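The values are calculated or read from the model by the stated rules, or taken from the named source; none is laboratory data. Fair warning: this is a prediction, and the values are worked out from it, not measured in the lab. Virtual Cβ from ideal backbone geometry, glycine too; neighbours counted across all protein chains shown. Just the protein is used for accessible areas: all its heavy atoms, side chains included, with ligands, DNA and RNA removed. Shrake-Rupley method; radii C 1.70, N 1.55, O 1.52, S 1.80 Å.
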Amino acid sequence: MHDWVLNAAAANAELSITADRIRLSNGLVQREVETAGCRTVSLQNNQKQLQLISAARGDFAVSIDGKTYLSDRFTFIGAQETAPLSRVPFHRTPTMTATGDYPPPGKAVLLTYQSQAPALRAVVRYELYDGMPVFMKQVTVYNDGNAPYTVDNIYTELLDIRQHRETLFVDSDYDSSTDFLGLDLEKYAKHYARYRYDILEVAPQFRMNVTLSPGGALDSITAFELLHGADYYEQKLIEVKQMYRRIAPWCSDQVLFFHLISNSAKQIRKAVKQCAEVGLEMIIQSFGSGVNMESDNEAYLARIRDAYDYGHEHGLRMGAYTLAYVKNYRPVRGDEALNHDGSHICRCLACEWAEGYMQRVLRFIDKTGADAVEIDGPYGMLMCAGGKTHRHDDFTDSQYKQWKAAVVDWYRQIKQRGVYINAPDWHFLNGSNRTGVGYEEIAFSEKREEQLITSRIYYYKGTFSKNPSQGWGFLPLNVYHGGGEQAQFFPTEENRFAFDWAMAQLTAAGVWPTIRGKQVYDSETGKLIMKKWISVFKTYRRVLNGITVHFLPPRIDTQNPTRTTCIDAIMNQLPEGEVRGFVMFFNQTEEKRTEKITLPVYYTGLTALNAPPPPPENTKNCDVSYPVYGEEIAPLVIKARDGSARTYITDAKVEDLPIPPLPPVIPSGQTLLLSEEDNAPQRYDIDANGNVTLELTMEPMTYRWFVIRPDDQ
C-alpha cells in the first residue's frame, strides 16, 4: 500500500448503509457502526492490518440534569447520507498553498436516535475523507420536549480500545496551547480526550452546563481521529500536519506580513509604500503601535479606514492587534476578572465585559475594512469561579463557556468576514491561521548573531508539529525588550551581514516572522536584501510551506553562543510539482568545513519507496540544546539573566521506536536534479534507502541553498 502522504489518489471514501449497520471505508481505514444502540463494532487500520476495537459498545452519551444516558438507551430512527460539514467559514486567498477543496471531499452520514424520557433526539455525524485515514465525528442533541433541560456534557466518542493506542491520533476543536510534542494523548489532549480504563472518551474535560430550551439544539465538540500508517515520531507528525492542510486549509495561508509600530496615518502610508516596494503582502499594526480596536470614536475609525483603504489600493491586507483576556499586563480589578489567574492580569471571556469587547472588535473590522486581526489570546483553557456579571456558574463550566463564546462564536463571526487571524493559541480547527512557532521573547534582546542560532533552533523544534505557515518567528528591526544596538537589525547598512542571514534562514524554514519595526527598511541595502529574499520566498512558496524534514539540527556552542559547532540544515519537500525540495545549509562556525551529507529525499516522491524509511537518529525534537534567558512576570517586567551565565536545556525525550541502522547503500535506479540557487542542475543518484549523498564544502560563516527538481530524463 502506498503512503497516503505522498499519493492517496485511489483512496476514495465509500459509504454503505444497510438496515442494521453503516460502513465507512477508503482502503486506508474502515469503521463499522451497528445502528442499534450506535455501537462501533470495528475500527480498522488497513495500513497496518490492525483492529482497534476490543469490544463493541455504545459510542456516544448525553448527560442531562445529572444523569448520563448512553447511546444504547436511544432508539434508532434512521440513517441519511449527507455532505461533509463546512465547520468554518472559508475564504480562499492567493497566498494559501493547500489546493484541495474545503470541506475535504469524502462521505458523511447522519444517524438519528430518539429518547422518550428525557425527550431528546440525537443526530450523530460520521465523516471519512478521500485520501486520508481520518474520521470526523460530532453529535447534535435536540430538545423535543416541552421543558428545558440542562446538558451537563455530550460525549462525542466512547470507544473500547485496549491495544494499538499508539496508532491513533485524536484531535478536536476543543483545544488550546497544544503542539502535540511527544504524541502523548494524556498530555496533548487533556482538555478533550482521555482514556478511562479501557474507554477512549472524547468530551470537554469538565461540564458544558448548557440550558437547552424546547426546540433547541446543541452541538458536541468535534473529534478528528487519524489512524497512523507511519511508525516513527517525525513521520507520524508529518501525517498530522498533512491532515491539517486538508481539514483546515486556511492554516496554509503563508502571507508575508509586517508588524508596524505606529498608528499615525503618515507612518501607515509610508509602511504601505515600502511594503509594496519590497513585495510584502500584509501590515498588522503591532502591540505598542497605539492602535485601538475597541474604539467607538467614529472620527478615529474613519481615519483608520482611510489608511487601510490606501493599503488595499496597493494590494495589501491590513489589520491590527488587540489584547483579549489580558488587561495591559496590569492587575484586573473589575467584575470581569478571571479569578483563578495567579498573575491577576486575565479577564474572563464568558462575562458581560467580554461580550462587549468582542462586539467592539467586530465593529472595528466592519468600520475599517480590516483583513487581519492579531488577538493576544483569546484563551488558554483557564478556569474561573464566576461572579455577578459572568455567564457561567463556577469553575466546572467556565472552561467550556469561555471557549464557546470566544473561540467558536466569535471566531466564526470573524471568519465570516474573511479575516486572517494571528493568535498565540492552538485554535486552527476554529479558524485561526497562525500561532507562534515556539520561542522565548527575551531571546530577541540578545546579540544578533545569537538570535540567528536560537531562531534556527526554534524553527527546528516548532516545525515538528506545525506546517511552516502555522508558526511565526521574530525579527526585531527596532529594540524589543532591551538589548540595545547589538540586538536590533537596524541600521541595516551596518548590520547587512546579520540581516541578510536572518532573511535567508527564515525563507528556508518557510516560517515567516513578526518583522517588527517603525518602518520596513531604513536603507537601500536593507531594501535590496528584503526584496531579494521576498522574491525567493514567493518563487518557492509552495515547497517552503511543504513537508519539513529534520536531519541536521543546529547545535549552539555553549562557550560562544554566537556560533554553532557544526553544519546544520533546513529542508522542506513536496511530493508533486516542478520543485520538490528546498534545502539550505549553514556553517555558523569559524572554520572551513567539508562534510559528506546524507540528504533524505523520500518526501519528494522521487524515490522508489512506498513507505518512509527509518529516519535519521537526530530527528527527535529533544535533540537540540537551547538557552533559557529569563521570564516575564506581571506587571510586565522582564526578569532576565544578568549575562554572567546561561542555562542550556533540551526538551524531554519523546517516545519513539528504536531507529535501526539503514541497510548498505545500493543504487535504486532513481535520480533527481539538485542545483545551487536553482542554477546549473546536477544529476544525483537516489539510493535504495531514499537518500542522496552530497559532498559539501562551506567557508566559515556562510550559508548555501539548493533546489531539488525531478529528473525528466
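General remarks:
- The requirement of being at pLDDT 95 or above and closer than 19 Å to residue 168 by Cα is not satisfied by residue 85.
- Residue in segment 334-342 that is open to solvent by less than 70 Å² (accessible area, probe 1.4 Å) and either in contact (Cβ under 8 Å) with a residue 60 or more places away in the chain or of a type in the set (Lys, Arg) (or both) present: no
- Hits in segment 273-292 - residues which are in a loop (DSSP other than H, G, I, E, B), at pLDDT 95 or above and at negative phi: 280, 281
- Residue match in segment 312-320 (condition: open to solvent by 70 Å² or more (accessible area, probe 1.4 Å) and out of contact with any Pro (no Cβ under 9 Å at 6 or more places or on another chain)): yes
- Residues in segment 294-319 that are in contact (Cβ under 8 Å) with a residue 60 or more places away in the chain, farther than 18 Å from residue 283 by Cα and either in contact with a strand residue (DSSP E or B) (Cβ under 8 Å, 6 or more places away or on another chain) or hydroxyl-bearing (Ser, Thr, Tyr) (or both): 294, 295.
- Scope segment 187-228; condition within 21 Å of the chain's Cα centre (by Cα) and open to solvent by 30 Å² or more (accessible area, probe 1.4 Å); matching residues: 187, 190
- All positions within segment 163-181 that are open to solvent by 20 Å² or more (accessible area, probe 1.4 Å) and over 25 Å from residue 26 (Cβ atoms): 177, 179, 181
- Close pairs (7 angstrom Cβ cut-off, 6 or more residues apart or separate chains): at negative phi and acidic (Asp, Glu) in segment 520-532, modelled with pLDDT of 95 or more and surrounded by fewer than 16 Cβ atoms within 10 Å (Cβ to Cβ) anywhere: 522/491
- Residue in segment 569-583 that is in contact with a Cys (Cβ under 7 Å, 6 or more places away or on another chain) and surrounded by fewer than 23 Cβ atoms within 10 Å (Cβ to Cβ) present: no
- Flag if residue 135 is hydrophobic (A, V, I, L, M, F, W, C) and part of a strand (DSSP E or B): yes
- Which numbered condition residue 295 misses (of (1) under 24 Å from the mean Cα position of the chain (by Cα); (2) farther than 30 Å from residue 535 by Cα): (1)
- Members of segment 230-267 found to be more than 30 Å from residue 655 (Cα to Cα), open to solvent by 20 Å² or more (accessible area, probe 1.4 Å) and not in a helix (DSSP H, G or I), listed by number: 261, 263, 264
- Note on segment 102-133: residues that are open to solvent by 30 Å² or more (accessible area, probe 1.4 Å) and either modelled with pLDDT under 95 or touching an Asp or Glu at 6+ places or on another chain (Cβ under 9 Å) (or both) amount to 8.
- Set 146, 153: member being surrounded by 22 or more Cβ atoms within 10 Å (Cβ to Cβ) and either modelled with pLDDT of 95 or more or in a loop (DSSP other than H, G, I, E, B) (or both): 153
- Strands (runs of 3 or more DSSP E) contained entirely in segment 584-703, each with at least 3 residues that are at pLDDT 90 or above: 593-600, 667-676, 679-687, 691-698
- Members of segment 359-368 that are open to solvent by 20 Å² or more (accessible area, probe 1.4 Å) and touching a residue at least 40 places away in the same chain (Cβ under 8 Å): 360, 363, 366, 367
- Listed by first and then second residue, the pairs linking a residue in segment 656-680 that is over 30 Å from residue 507 (Cα atoms) to a residue that is modelled with pLDDT of 95 or more and open to solvent by 90 Å² or more (accessible area, probe 1.4 Å), with Cβ atoms under 9 Å apart and 6 or more places separating them unless they lie on different chains, are 667/685; 668/685; 669/685.
- Here residue 140 meets each of (1) touching a Pro at 6+ places or on another chain (Cβ under 6 Å); (2) part of a strand (DSSP E or B); (3) open to solvent by 10 Å² or more (accessible area, probe 1.4 Å) with one exception, condition (1).
- Consider segment 63-100 and keep the residues that are of a type in the set (Val, Ile, Thr) and within 26 Å of the chain's Cα centre (by Cα). The one that is most open to solvent (accessible area, probe 1.4 Å) is 99.
- Single match in 370, 350 (criterion: at pLDDT 90 or above, under 29 Å from residue 472 (Cβ atoms) and in contact with a Cys (Cβ under 9 Å, 6 or more places away or on another chain)): 350
- Near pairs, Cβ below 6 angstrom, 6+ apart or cross-chain, from segment 606-629 (closer than 17 Å to residue 464 by Cβ) to any residue that is among the acidic types (Asp, Glu): 615/234; 619/234; 621/651; 622/651
- When 79, 117 are checked against the criterion of being in a loop (DSSP other than H, G, I, E, B), among the hydrophobic types (A, V, I, L, M, F, W, C) and farther than 18 Å from residue 155 by Cα, a single residue qualifies: 117.
- Test: residue 270 is open to solvent by 10 Å² or more (accessible area, probe 1.4 Å), modelled with pLDDT of 95 or more and more than 28 Å from residue 467 (Cβ to Cβ): yes
- Candidates are the residues of segment 11-44 that are farther than 24 Å from residue 141 by Cβ and in contact with a Gly (Cβ under 8 Å, 6 or more places away or on another chain); the one that is most open to solvent (accessible area, probe 1.4 Å) is 12.
- Selected residue [in contact (Cβ under 8 Å) with a residue 60 or more places away in the chain, surrounded by fewer than 23 Cβ atoms within 10 Å (Cβ to Cβ) and not hydrophobic (A, V, I, L, M, F, W, C)] from 485, 493, 440, 446: 440
- Looking across segment 322-371, the residues that are of a type in the set (A, V, I, L, M) and more than 16 Å from residue 408 (Cα to Cα) come down to 323, 326, 332, 337, 338, 345, 365, 370.
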